[in-house]
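Some notes on the structure that comes next.
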């Protein structure tokens, strides 16, 4: 997944855990009100049912893996 600078994916929730890994760019994750700035290669667990948003806060396209 990915998107251009400034793009936001707001207020999602899933019935299963989700694992996200940043591979390029800079993103801000918000998980149940907690803000995270993952480094490239860092894995972040988004628990099932957690409200979360992803925001590209960099000046290049951000890309990440999730599943």
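Here, each number is a calculation from the coordinates, and none is a lab measurement. Nothing here was measured: the structure is a model prediction, and the numbers come from that model. Cβ coordinates were reconstructed from backbone atoms using ideal geometry, including for glycine residues, and neighbour counts include every protein chain displayed.
By how many nm would the segment from residue 59 to residue 21 lengthen if fully extended, with 0.36 nm per residue of separation less the alpha-carbon distance?
On the way: separation 38, 0.36 × 38 = 13.68 nm, distance 1.88 nm.
Length gained, residue 59 through residue 21: 11.8 nm.
The Cα-based radius of gyration and maximum Cα-Cα distance (Dmax) for the stretch 8-62 are 10.7, 32 Å. A simple spin-label model places pseudo-atoms 7 Å from Cα toward Cβ; at residue 66 and residue 51 they are separated by 1.6 nm.
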